Amino acid sequence: MDFALTDDQKALAAAAADFARAELAEHAADWDARSHFPVDVIRRAGEAGFLGIYTPEAQGGLGLSRLEASLIFEQLAQGCIATTAYLTIHNMVTWMVASWGDDALRERYVPAMIAGEALGSYCLTEPGAGSDAASLKTRAVREGDEYVISGSKMFISGAGATDVLVVMARTGAPDSGAGGVSAILVPADAAGVEVGKKEEKMGWKSQPTCLISFDGVRVPVTNRLGAEGEGFKFAMKGLDGGRLNIASCRWGPPSRR
Ligand SMILES: Cc1cc2nc3c(=O)[nH]c(=O)nc-3n(C[C@H](O)[C@H](O)[C@H](O)COP(=O)(O)OP(=O)(O)OC[C@H]3O[C@@H](n4cnc5c(N)ncnc54)[C@H](O)[C@@H]3O)c2cc1C
């Protein structure tokens, strides 16, 4: 075999394994039983660098590769697969804001997200748009310098406990497909944001999964990531890495393989 991990990559995996043993493993079953979302431990993951794993160094992240992210998530998931799955989503959202937010948006949110002071949710799926995500119906109508957002998002990981929602919403015509979608950062405490009850799940209960509805939610146009109509492309780029991340969590607790 002509492939081997570098010493740095081995050290990263070892640091993640240490964190999993010290902070996750012995609590995972209890968190699941109590449906407890361990925000304090997630913040400590931030102190260890695990909340900005592939966010560029210029934005305060570790700027690591997808391979290195997988090595870390594999090890963290050995401690608690559900918490690690949420960590992957937070990393994805942080990377999206860092990559396509304007300077002011980055400065406002990215350092807090890397530190775990602000947690993120990725809001793509809708009650009528799951696998066929490009058919999403949540609308963002421009009024002056603001978007007015209405619609609902389903199965949102972390919902109710997160602060930063990256919402994929239609800014184009109703039949504009993937090209009519924009990605917009919505503070979770904005007026008109409502979080529904927790979904019943088999396992994975240490991260809440809920519907979020948006009823005339107003945000500045400057909260948009990139240009109008680029949101679906960003959402898919996020998932390109997100799928590797989730697959890496598959190696979680050996007893559950
Ligand atoms: C625990 C959990 C956490 C989640 N977290 C998030 C999150 O944070 N953010 C977010 O946006 N979403 C999240 N999701 C949503 C997830 O991405 C969707 O469940 C997924 O995209 C599938 O959509 P759906 O559930 O509507 O299934 P559907 O699209 O209704 O699909 C149901 C089944 O039909 C199959 N199918 C669908 N269309 C076709 C077709 N054309 N041909 C053949 N087969 C087809 C699918 O493969 C699947 O097996 C989460 C889901 C879960 C369960």
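The values are calculated or read from the model by the stated rules, or taken from the named source; none is laboratory data. Everything numeric here is computed off the predicted structure, so don't read it as measured data. When we count neighbours, we look across all protein chains shown, and the Cβ atoms used for this are built from the backbone with ideal geometry, even at glycine.
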Worksheet item: Picking from Gly216, Gly179, which residue would you name as being more than 15 Å from the ligand (Cβ to nearest atom), of a type outside the set (Ser, Thr, Tyr), over 16 Å from Tyr109 (Cβ atoms) and in a helix (DSSP H, G or I)?
Response: Gly179
Item to complete: Scan the stretch 104-119 and give yes if some residue there is closer than 21 Å to Gly242 by Cβ, within 16 Å of the ligand (Cβ to nearest atom) and not hydrophobic (A, V, I, L, M, F, W, C), otherwise no.
Response: no
Worksheet, complete the sentence: Scanning the stretch 190-206 for residues that are assigned to a loop (DSSP other than H, G, I, E, B) and touching a residue at least 24 places away in the same chain (Cβ under 8 Å), the one farthest from the ligand (Cβ to nearest atom) turns out to be Ala191
Fill in: Unique residue being of a type outside the set (A, V, I, L, M), touching a Lys or Arg at 6+ places or on another chain (Cβ under 6 Å), buried (at least 17 other Cβ atoms within 10 Å of the Cβ) and in contact (Cβ under 8 Å) with a residue 24 or more places away in the chain when the list is Cys123, Cys80
Cys123
Practice prompt. Answer yes if at least one residue in the stretch 151-159 is within 16 Å of the ligand (Cβ to nearest atom), in the same structural domain as Trp204 (by TED's automatic domain parsing) and among the aromatic types (Phe, Trp, Tyr), and no otherwise.
Written response: yes
Item to complete: Go through Thr125, Thr94 for me and flag whichever is under 12 Å from the mean Cα position of the chain (by Cα) and either within 12 Å of the ligand (Cβ to nearest atom) or not aromatic (Phe, Trp, Tyr) (or both).
Response: Thr94
Item to complete: Check off (1) over 30 Å from Gln75 (Cβ atoms); (2) in contact with a Phe, Trp or Tyr (Cβ under 6 Å, 6 or more places away or on another chain); (3) in a helix (DSSP H, G or I) for Ser248 and give me the number that stays unchecked.
Response: (1)
